[in-house]
Amino acid sequence: MDNKENINNYNHGINLVERKNLVISGVKKIENFDKEQFLIETVMGMLLVKGEDLILIKLDTLQGSLAIKGMVRSLSYIEENKFKDKENSIFNRLFK
């Protein structure tokens, strides 16, 4: 069994403690991140985490889990079509 099939078998869950410690399960990959936001592909869709001083604490690709520390301001799921449309429109505006 390859790694991607293994991750898909895990449930997706989010555990946030005092808005400072975030643990996410069911993570497929991290698209990008910095100290203000993480864009994460989960088994349930794209998840955007916004906050301040966000730090990647632990990434376990075999278990599909991720731990982030910092002040979490928001968690939101992004429809993949909307995400791709936004991405395309930004590039279209830059290269016009």
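Here is how the numbers come out for the structure above:
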{"item": "Residue within segment 65-74 that is part of a loop (DSSP other than H, G, I, E, B) and within 14 Å of residue 14 (Cα to Cα) present", "result": "no"}
{"item": "Evaluation of residue 9 against (1) in contact with a strand residue (DSSP E or B) (Cβ under 9 Å, 6 or more places away or on another chain); (2) modelled with pLDDT under 95 (one fails), failing number", "result": "(1)"}
{"item": "Pairs, first small (Gly, Ala, Ser) in segment 47-62, second assigned to a strand (DSSP E or B), C-beta under 6 Å, six or more apart", "result": "51/70; 51/71; 51/72; 51/73"}
{"item": "Residue that is surrounded by the fewest Cβ atoms within 10 Å (Cβ to Cβ) [pool: residues in segment 11-30 that are part of a strand (DSSP E or B) and of a type outside the set (A, V, I, L, M)]", "result": "15"}
{"item": "Test: residue in segment 76-96 that is at pLDDT 95 or above, among the β-branched types (Val, Ile, Thr) and surrounded by 13 or more Cβ atoms within 10 Å (Cβ to Cβ)", "result": "no"}
{"item": "Members of segment 31-64 that are in a loop (DSSP other than H, G, I, E, B), surrounded by 15 or more Cβ atoms within 10 Å (Cβ to Cβ) and of a type in the set (A, V, I, L, M, F, W, C)", "result": "43"}
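The values are calculated or read from the model by the stated rules, or taken from the named source; none is laboratory data. Note that the coordinates shown come from a computational prediction; the quantities given were computed from them, not determined experimentally. Cβ: placed from backbone, ideal geometry, glycine included. Neighbour counts: every protein chain shown.
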